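The values are calculated or read from the model by the stated rules, or taken from the named source; none is laboratory data. The model shown is predicted, which means the values in this text are computed figures rather than measured ones. Glycine also receives a Cβ, built like all others from the backbone with ideal geometry; neighbour counts cover every protein chain displayed. The protein model used for the area step is the full one, side chains on, heavy atoms only, and it has no ligands, DNA or RNA in it. Shrake-Rupley method; radii C 1.70, N 1.55, O 1.52, S 1.80 Å.
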Amino acid sequence: MTKPITSKYDPTPLPETTDDGSTPTPSPDNGKDLSSLVPETHVAWDVPPSFNTDPKDLDGGGGDPKQITEPSGDLRIDLGALRTAEKAMLTEARAAVAKYEELRAKVEAVKGHVFGQGAQDPNDHSGYTSLAAGYDPQEGKTHDNPFAASGATFAAEMNPAQERALLQIGSTLERLGEYIALLNHSGQVYAETDRNSRFPDPPAAG
């Protein structure tokens with residue numbers, strides 16, 4: 001491998017050895033293709049489901065609401081405000097998903113070469129012919145760029161790190177979607193509670 005080339009653009013390049021002269025220990029993900037872990041995201045709802053739709057049981061817990069006879073305390077909910085908040089979060093989620101998908105596609109498109117791995121330089125000996133001294137039969141062909149090996153080493157660490165970062169972002173967006181779904185479910189639960197509510201019997205006379 002060639003000696004490092006000093007660059008005016010990067011006065012503090014990553015060290016190829018540690019302070020004690022040993023080679024840095026690769027990360028557990030070194031050289032792995034983690035693209036299968038990177039989620040593809042989308043926003044499922046153009047319009048959130050109506051609060052008048054009966055809610056689905058999320059965890060199988062709770063009892064039959066028709067069997068609950070004890071009166072509850074005061075119950076107040078502004079379903080209009082809840083719907084406004086839900087729609088606002090859906091708008092933000094769509095924007096975040098669009099940016100994430102743009103980034104995910106870009107990483108996937110350039111990860112094979114963006115760090116210089118596999119870079120080639122032309123064998124340029126313009127002006128030479130087969131009758132001239134110094135003729136090179138490799139004229140017009142290419143050879144490895146001096147930075148190609150370093151690029152491959154760096155990419156082996158950086159590509160999995162990028163995919164791990166995309167996994168974290170995508171997972172966060174999925175959690176956001178789950179939270180919005182829970183908001184909608186809460187609105188449906190409150191609406192169903194209202195539909196099944198009854199005023200208690202008036203007290204006995206006297």
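Compute the signed sum of charges (Lys and Arg +1, Asp and Glu -1) over the other residues within less than 15 Å, Cβ to Cβ, of Leu75.
-2
Solvent exposure of Asp201, expressed as accessible area, is near 140 Å², computed with a probe of 1.4 Å over the protein chains only.
Label zone of Leu82 (point 7 Å out along Cα→Cβ, amide N under 18 Å): in region 169-189 this covers 177-189.
Computed over protein heavy atoms with a 1.4 angstrom probe, the accessible surface ordering of His42, His113, His185, His143, largest first, is His42, His113, His143, His185. Against the criterion of solvent-accessible heavy-atom surface with a 1.4 angstrom probe, Tyr190, Tyr179 sort, most first, into Tyr179, Tyr190.
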